[in-house]
Amino acid sequence: VRAERELRLRTRELTDANERLVRMNRELEELKDLYSDLYENAPAMYLSLNPAGEMIECNRTLLTTLEMSRRELIGRPFERLLPDACRPHFRDRFEALRRDGVMEMQTPCRKSDGETIEIWINASLVHSPGDRMGHARCVAQDVTARCRLEAELARKNQSLGHANAELSQKNRELDDFVYVVSHDLQEPLRTLIAFSDFLLTDY
């Protein structure tokens with residue numbers, strides 16, 4: 001009877017522990033789904049690169065922005081997305097990342113249809129055991145609109161500078177014209193004064 005009572009007690013304890021474990025697993029799954037959703041649909045492009053500069057992971061935002069599939073990106077060198085002229089600069093910056101542990105750079109990046117966008121990359125190094133480079137964790141932002149706005153602002157400023165230079169030139173020419181006209185108008189006045197003096201002297 002005692003053994004049966006202990007068995008029932010033990011069974012109840014195991015059932016309670018099992019229910020707690022199931023509840024914790026369910027909460028962990030929900031938390032995992034939340035973090036996965038946050039990672040996949042963040043308003044920034046997340047990607048990870050191995051020591052060779054190959055992409056080992058990325059989020060859905062990157063795939064949507066570049067209009068590419070995960071199969072087209074994972075396991076491929078990241079620099080393949082860059083124009084040929086920009087690849088040596090990226091390699092230099094990636095070496096600096098391996099050395100210093102951080103990297104920031106702006107670079108053009110090609111989408112699947114060939115269109116080029118400007119992206120700003122911020123990367124940090126994640127070390128594996130033994131202090132070896134594990135992978136580079138990168139956050140990228142599409143700054144194309146900002147770059148276009150800056151370029152347009154620079155063009156407007158340049159145009160305004162030219163307009164100011166032309167206005168200054170026109171003002172100088174106007175000053176010269178006013179000086180000449182003023183001088184030319186003084187000559188008849190001098191003649192009138194001279195003849196007035198003659199008349200005054202004679203009469």
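The values are calculated or read from the model by the stated rules, or taken from the named source; none is laboratory data. Since we're looking at a predicted model, the values are computed, not measured. Every residue, glycine among them, receives a Cβ derived from its backbone with ideal geometry; neighbour counts consider all protein chains shown. Surface areas here come from the heavy atoms of the whole protein model, side chains and all, with no ligands, DNA or RNA. Shrake-Rupley method; radii C 1.70, N 1.55, O 1.52, S 1.80 Å.
Mean projection of the Cα convex hull over all viewing directions, computed for the chain: 27.5 nm². Here the range 96-158 was treated as a single set of alpha-carbon atoms; its pair distances binned every 10 Å from 0 give 20, 34, 27, 14, 5, 1 percent.
Any idea what the dipole of the range 6-119 comes to, in debye rounded to 20, about its Cα centre with Lys/Arg Cβ at +1 and Asp/Glu Cβ at -1?
Working: 19 positive and 23 negative charges, 66 e Å.
With only Lys, Arg, Asp and Glu charged at Cβ, the dipole is about 320 debye.
The radius of gyration of the Cα set in the range 144-184, together with its Dmax, comes out at 17.7, 59 angstrom. In order along the range 147-164, phi translates into HN-Hα couplings of 5, 5, 5, 5, 5, 5, 5, 5, 5, 4, 5, 5, 4, 5, x, 4, 5, 5 Hz, rounded to whole numbers, per the Karplus curve 6.51 cos²θ - 1.76 cosθ + 1.60 with θ = phi - 60° and x for Gly and Pro. Rounded, prolate or oblate for the range 49-89? Axes are the square roots of the Cα gyration tensor eigenvalues, ordered a ≥ b ≥ c, and the cut-off for rounded is a/c under 1.5. The shape class here is oblate.
Can you tell me, using C-alpha contacts under 8 Å and at least 6 residues apart, the relative contact order of the range 18-105 as a whole percent? Walk me through the intermediate numbers first.
Numbers: 68 pairs, mean separation 15.5, N = 88.
Taking the mean separation of contacting Cα pairs over the length of the range 18-105, I get 18 percent.
May I ask you to derive the FRET efficiency for Ala44 and His127 from their Cβ-Cβ distance with R0 = 35 Å, giving the value to the nearest 0.05? In this case the efficiency is close to 0.95.
The amide H of Gly134, built 1.01 Å from its N in the peptide plane, has Val126, His127, Ser128 as neighbours under 5 Å, considering only residues 5 or more places off or on other chains.
The relative contact order of the chain comes to 14 percent, based on Cα pairs under 8 Å that sit 6 or more residues apart. When Rg and the Kirkwood Rh are both derived from Cα coordinates, the Rg/Rh ratio for the range 98-203 amounts to 1.67. Per residue, the accessible area of the range 44-95 comes to 51 Å² when a 1.4 Å probe rolls over the protein heavy atoms. At the listed q of 0.19 Å⁻¹, the Debye profile of the range 1-78, built from one uniform point per Cα, gives log10 I(q)/I(0) equal to -0.85.
Along the positive direction of the dipole of the chain (beta-carbon charges: Lys, Arg +1; Asp, Glu -1; about the Cα centre), which of Leu149, Thr191, Leu81 reaches farthest? Final value for the positive-end residue is Leu81. Shown for the range 95-160: the carbon plus sulfur share of the solvent-accessible area, taken with all protein chains present and a 1.4 angstrom probe, equals 50%.
Suppose every K and R has +1 on its Cβ and every D and E has -1 on its Cβ; what is the size of the dipole of the chain about the Cα centre, in Debye to the nearest 20?
Magnitude of the dipole: close to 1700 debye.
Taking each DSSP H run with n ≥ 4 as -39500 (n - 2.57) and averaging over every residue of the chain yields -21500 deg cm²/dmol at 222 nm.
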